[in-house]
1. Which of the residues that make up region 172-184 are free of Cβ contacts under 8 Å to residues at least 60 places away in the same chain and farther than 21 Å from ARG259 by Cα?
2. Being touching a residue at least 40 places away in the same chain (Cβ under 8 Å) and either under 17 Å from ASN36 (Cβ atoms) or surrounded by 22 or more Cβ atoms within 10 Å (Cβ to Cβ) (or both) is true for just one of ILE70, ILE133, ILE89. Which residue is that?
3. Return the residues of region 74-131 that are among the hydrophobic types (A, V, I, L, M, F, W, C), outside any helix (DSSP H, G or I) and farther than 28 Å from ILE43 by Cβ; say none if nothing qualifies.
4. Spot the failing condition for THR250; the list is (1) away from ligand 1 (no atom under 12 Å from the Cβ); (2) part of a helix (DSSP H, G or I), and only one is missed.
5. Would you confirm whether any residue within region 130-145 is at pLDDT below 90, touching a strand residue (DSSP E or B) at 6+ places or on another chain (Cβ under 6 Å) and not hydrophobic (A, V, I, L, M, F, W, C)?
6. So in region 34-60, with the set limited to residues that are part of a loop (DSSP other than H, G, I, E, B) and surrounded by fewer than 22 Cβ atoms within 10 Å (Cβ to Cβ), which one is nearest to ligand 2 (Cβ to nearest atom)?
7. Which condition does LYS84 not pass, out of (1) closer than 26 Å to SER144 by Cβ; (2) surrounded by fewer than 21 Cβ atoms within 10 Å (Cβ to Cβ); (3) touching a Lys or Arg at 6+ places or on another chain (Cβ under 8 Å), if it passes all the others?
Amino acid sequence: MEHRDTKHLEDMMSQTSGKADVLTVTSGKGGVGKTNIAANLAICLAASGKKVVLLDADLGLGNLDLIMNINSRANLSHVVSGQKTLQDIIHVGPAGVEVICGGSGIEDMANLNKFQRKRLLDELDKLQDDADIIIIDTGAGISSSVLSFCQAADHVLVITTPEPSAMTDAYAMIKVLASKRYDGRVSLVVNMANSVAEGKRTYRQIADVAMRFLSMPVYEAGVICRTDKLTAAVRKRIPVVLAHPRSRITSSLAAMAARLSRSSGVKDKEGFFRRVVNLFF
Ligand SMILES: Nc1ncnc2c1ncn2[C@@H]1O[C@H](COP(=O)(O)OP(=O)(O)O)[C@@H](O)[C@H]1O
Ligand SMILES: [Mg+2]
């Protein structure tokens, strides 16, 4: 049989595998566990063989470096200012997760000329081409920066706890996404639950209200119970899934990661970073 040119097949495969899916982790309220959940999900997904990029997009209290035990604050704004290359600021963390601190890098791109911006966006595009999933850890509150990272993502993971104030803030975030006609998938994690039953009740309350008043489906990402193991791991600067591999919280996080990796992206595959930058300027 004659050898046929495989170019067409390669193109087709690269279109279907294509760019990484982007998952933005957000909450409304601070201190509900976003950074820990983002970091530990990233490690679980990387352990399952995916190429994962974890981006710290928290401008204020970013502490991903503490949880992942990374000792450098070099970030995307140093790339924008020309002091570093993108490769310089990528830290390879546990299980091969590639960690990047965003700093004010995306906003700083406003100061670049058209050509400089294009060059950086091309580099970021390539990062997305090479990864399977990009996980973004955002700060608290509904700032325009947080919203841009949410709107440009395939999937927004909203974190709440059973506390009424956290629930109100999570709902407020979902409401803003609905008002912006966000067309990706929204899932809810209930963290620091005292029991799975309490977590599920919390999920159902928010999902029901979102459906009723916003006609917005909110998917169930899972419940994570409150545990001293997490606080101890944070103190030791070891992500809990590595510090306590056989604990219940690790099973919950691994199950959540497995569920998330099955729901793949829905957005057209224009580069994620391009979409964020377009939302900004
Ligand atoms: N499941 C949990 N059980 C016990 N404590 C938790 C849990 N999740 C988060 N915490 C506590 O909350 C703190 C803040 O978590 P973090 O991930 O930094 O939240 P955020 O990024 O939303 O501000 C952690 O340092 C830990 O003490
Ligand atoms: Mg945080």
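The values are calculated or read from the model by the stated rules, or taken from the named source; none is laboratory data. Keep in mind it's a predicted model, so treat the numbers as computed, not measured. Neighbour counts run over all protein chains shown; Cβ positions are idealised from the backbone, glycine included.
1. In the first step, residues of region 172-184 are kept if they are free of Cβ contacts under 8 Å to residues at least 60 places away in the same chain; the result is 174-182.
Within region 172-184, LYS175, VAL176, LEU177, ALA178, SER179, LYS180, ARG181, TYR182 qualify.
2. On the way: ILE70 fails: touching a residue at least 40 places away in the same chain (Cβ under 8 Å); ILE89 fails: touching a residue at least 40 places away in the same chain (Cβ under 8 Å).
Selected residue: ILE133, the only one of ILE70, ILE133, ILE89 that is touching a residue at least 40 places away in the same chain (Cβ under 8 Å) and either under 17 Å from ASN36 (Cβ atoms) or surrounded by 22 or more Cβ atoms within 10 Å (Cβ to Cβ) (or both).
3. Filtering region 74-131 down to residues among the hydrophobic types (A, V, I, L, M, F, W, C) leaves 74, 76, 79-80, 86, 89-90, 92, 95, 97, 99-101, 106, 109-110, 112, 115, 120-121, 124, 127, 131.
If we keep only those that are outside any helix (DSSP H, G or I) as well, we get 74, 86, 90, 92, 97, 99-101, 112, 131.
Scanning region 74-131 gives a single hit, LEU112.
4. Here THR250 meets the rest and fails (1).
5. No: zero hits.
6. Taking region 34-60 and keeping what is part of a loop (DSSP other than H, G, I, E, B), we get 48-51, 58-60.
The next check asks that each one be surrounded by fewer than 22 Cβ atoms within 10 Å (Cβ to Cβ); those that pass are 48-51, 59-60.
Numbers: SER48: 24, GLY49: 27, LYS50: 22, LYS51: 23, LEU59: 11, GLY60: 9 Å.
Here the answer is GLY60.
7. (3)
Quick grid of which residues meet (1) touching a Lys or Arg at 6+ places or on another chain (Cβ under 7 Å); (2) modelled with pLDDT of 95 or more; (3) hydroxyl-bearing (Ser, Thr, Tyr):
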residue: SER215; (1), (2), (3): no, yes, yes
residue: LEU230; (1), (2), (3): no, yes, no
residue: VAL240; (1), (2), (3): yes, yes, no
residue: ARG246; (1), (2), (3): no, yes, no
residue: ILE249; (1), (2), (3): yes, yes, no
residue: ALA255; (1), (2), (3): no, yes, no
residue: VAL277; (1), (2), (3): no, no, no
residue: PHE281; (1), (2), (3): no, no, no
